[in-house]
Structure formats: structure tokens, C-alpha cells
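For reference, the structure is listed below as C-alpha cells.
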Amino acid sequence: MINRRPLICRGCQSKIVTRTQIGLGDSQNHSFVCPTCGVTISFTMDLDQEHTSFSYGEPKNADWTDDERGAIGAVALSQEIPVPVAGKHGFVTSTGPTTSPYLETFSYLEDWKEYRHSEELRLAFVRRYDEFERSIKHFERRAWPLFDAAMRIEEQPPTVRTRLIDFYGAIQSELCLFTRTPRSMYDRIRQRLVLANSKEPTLMQELGEMYVASGRMSKLWKEIAENRSAFISEYKGLQPLVQMRYWREELRDPTSFVVSTKRFDSLRQLYLNSFETLCRLLVIGKMVEAVIHASSLDIPLAKRSVTLEEFEAFPNAVKCTHFASMAIGDLFQDALDTDLRNGIGHHAAHYEADSDEVLYFRSKGSAVVEGRLSYTEFCNRLLQLFAVVELGCVYHHWLHISVDGRLA
């Protein structure tokens, strides 16, 4: 369903017709650039799915009006569907009937029923994610009756290990609805862990104890939980890119589509946090490979071996080179873009509304070089990174289970 409502830009008095796709959630946030003066206009819609109704909040930098006459054009907006580029940022000069983003992209879906069903499951998971957050607190405090109730654990009597297996299995299977990561990728990591444990079970147990005693296990537990919570909070800003993963592969081109919900500042922080967490998770992966290839907890490099502490002290760019060289480094390589990570982390990095691009900056010798990325592609890169972080979490989860869930 599309709803039309005109508004007048406070910056230049241009009248623009908004054509908003009504989605499945309980609210929608949209923003676009006035094509005349370049001011960013945004508004929120509250949806009542039970009674099939909706209401608009007051727009920022604009005022609603009831009359479309004199409008300079229309802008298509959708929170869950990528909006095909039609004019600048989806703005078209005609206010007449046009095809909705839903109808334009419907045929792109490989299986509409699968997508619709999975989207209902995703939204249900978002709504009840606070149950998982409560479970995390219950686990930390060893409040087992509360944990078992929140996780609906029926096995009797459960142990700490079986509780943790159920918890990690449940949350990763739910998050796969967002990332669409094939099970075979998770299996490749588990195979390396099983191989290492079969070759050197004592060393693998020692590795787990090392992570508990040093506080690394607890630190990663908290980081992973924080990243997952942030991702769920930001899902509305990434929803169109999730839908794109259900399209036919040859049609998944982020540069040809616009994301209507702009949340650069919070997505930027999620990107930076996820990258740092991924690097810490892959240190475990490097240790696992050291066990397999060298029967040691020292990491072999080209000319010498280094301890865990020494390897962690390397700059991320150096560590990422070693991560990519692992036997399963191809799973992570595309996400280990240190140029983009450093550019996004630069204090001057920002979203430029007029071009709908993310500007990032990186050092090249003594100079600072500007890079540009479409906002849609930035969202796509973030979703790719989060999917790879979830793969990396297998290392932590396996190690955590091996020490019976101890954090300290």
C-alpha cells in the first residue's frame, strides 16, 4: 500500500508529494533531500497493524499540506524495500501515478513467500529481543530459574553447558534470518575447531582457560551482546538491504537503489565496533590454526612465533593480513577492509545528504585522501560485516562452552 501526502519545505517553500510504502512494522522513519534547496526533510509514521491504520508525525524542516497542486514532483519512500533510483534520490518531477517500489521490485524476489515469512519472523525476533537481553543478565548472575524461563528450556535437568548450547544456537539461528549466511560457512569453522580439539585437546582446554583467566572471555561476551543489541536496534535502517539478499543474485546492485531511512551516525558506530570485535574473534581463529599446524599456543609467523599478547599488539592492518592467510580466511577476507574502517573512523567522516554518499578519509603518506561510498553501499558493507562477525562468534561460543560457560 502506498500513501500520498504533500508537504512544503520550510527552506524554500517547494511543495513535494511523499509517496510512502506502508510496511509491516509498528513505525517507519524516512528522510530525503529537498531537490530545490538541499535541506534534509524527515518524518515518522506510526503504524497500527492490528487495526490497519497509520498516522504521521510532524516533519522536520517541512510542514504538511492537504493540496498537491503546484507540487514540483514526488519522492518514493519505503523502509523495508530498496527504492529504485528514479531521478535524484528517488525524486521524480511528475506527480502522476507511478509504480510503487513494491511493484517495481516484486519480480526480483527469488521466492516471495519465503521472504514474507522470514520477514515476519525477523520482526517477531526484533520485538522479543529483550528476552535474549534478559537471558544474558540471568546467565551472568547464574539465576538459572529465570534463565530457563526466559529461554523456555524444557530439558531436565539442564546443565550450564546445555543451557549455553541452547542459547547460542537459538540466537545464531535467528540472526541467520538477517544475514542469510549458509550453514556450510559455519560448518567450516566448526570443522577447524573439532580438528584442533582432536589433535591437541589439552592445548584447546588451556586456550579456553587462558581466555577466562585473562578476562578476554568476559570482554568478548559483553562486546558480542552489545553489537547484537545495536544491530537489532538499527534493523530499520538496514531492512532494504536484508530484502535485497532474497533477490535473484544478478539483480543485487546497491548502487541502483536508495535507502529511505538514514541513520549514518549510529550505523557508523556499529560498523566500527563490529570491526574491532571481528579482529578480536579472529585472534582465537589464529590460535586454533596454531594448534592445528604447530601444536602450540604460540602463533607461527614467517620468521618467528609470537605469543597471544604479542599478536594482539599488532596493528589491525597487520593482523588482518594474517587472518586472510588462514585456511578458511576466505570467509572473512572481504570484510577485513582496513582502509574503509580507518576512513569511517576518521573524525571528519560524514553523510552528505545532497549526494546521498558517505564521505570517509584515509591517510596516504602525509596527505589525507577522500573516499566516497553511496549510502546504500555503506549499509550493504555493514550488513556484510555483521554477517562475518556472526561467523567469527563461533570461535568464542565454542571456547566458552568448552569451559562450561565460565566468564571469570
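The values are calculated or read from the model by the stated rules, or taken from the named source; none is laboratory data. Everything quoted here is computed from the prediction, not taken from an experiment. Neighbour counts are summed over all protein chains in view; Cβ atoms, including those assigned to glycine, are modelled from backbone coordinates with ideal geometry.
Worth a mention:
- Members of the range 1-29 found to be among the β-branched types (V, I, T) and farther than 10 Å from S78 by Cα, listed by number: I8, I16, V17, T18
- Of all residues in the range 50-73, those being in contact (Cβ under 8 Å) with a residue 60 or more places away in the chain and not acidic (D, E) number 1.
- Of the numbered criteria (1) under 23 Å from the mean Cα position of the chain (by Cα); (2) without any contact (Cβ under 8 Å) to a residue 24 or more places away in the chain; (3) not in a helix (DSSP H, G or I), the one D130 fails is (3).
- Checked against the criterion of being in contact with a Phe, Trp or Tyr (Cβ under 8 Å, 6 or more places away or on another chain) and outside the structural domain of H293 (by TED's automatic domain parsing), the candidates L407, L373, L385, L340 yield just one match: L407.
- Residue count, the range 290-321 (criterion: crowded, with 18+ Cβ neighbours inside 10 Å, in contact with a strand residue (DSSP E or B) (Cβ under 8 Å, 6 or more places away or on another chain) and over 20 Å from K199 (Cβ atoms)): 1
- Among the residues listed as A62, A71, A76, the single one being modelled with pLDDT under 90 and not assigned by TED's automatic domain parsing to the domain that holds R245: A76
- When I136, I153, I165, I171 are checked against the criterion of being over 30 Å from I72 (Cα atoms) and assigned to a loop (DSSP other than H, G, I, E, B), a single residue qualifies: I153.
- Residues of the range 290-316 satisfying the condition of being over 22 Å from K219 (Cα atoms) and in a helix (DSSP H, G or I): A290, V291, I292, H293, A294
- Consider the range 171-206 and keep the residues that are β-branched (V, I, T) and over 24 Å from F132 (Cβ atoms). The one that is nearest to the chain's Cα centre (by Cα) is V194.
- Top-ranked residue of the range 240-277 - restricted to ones that are polar (S, T, N, Q) and part of a helix (DSSP H, G or I), ranked as nearest to the chain's Cα centre (by Cα): S274
- Looking only at the range 174-184, and only at residues there that are assigned to a helix (DSSP H, G or I) and not charged (D, E, K, R), the one that is surrounded by the fewest Cβ atoms within 10 Å (Cβ to Cβ): S184
- Where S260 falls short, out of the listed (1) modelled with pLDDT of 95 or more; (2) surrounded by 20 or more Cβ atoms within 10 Å (Cβ to Cβ); (3) of a type in the set (G, A, S): (1)
- Restricting attention to the range 263-289, the residues being in contact with a strand residue (DSSP E or B) (Cβ under 9 Å, 6 or more places away or on another chain) and either of a type in the set (D, E) or over 29 Å from N316 (Cα atoms) (or both) number 2.
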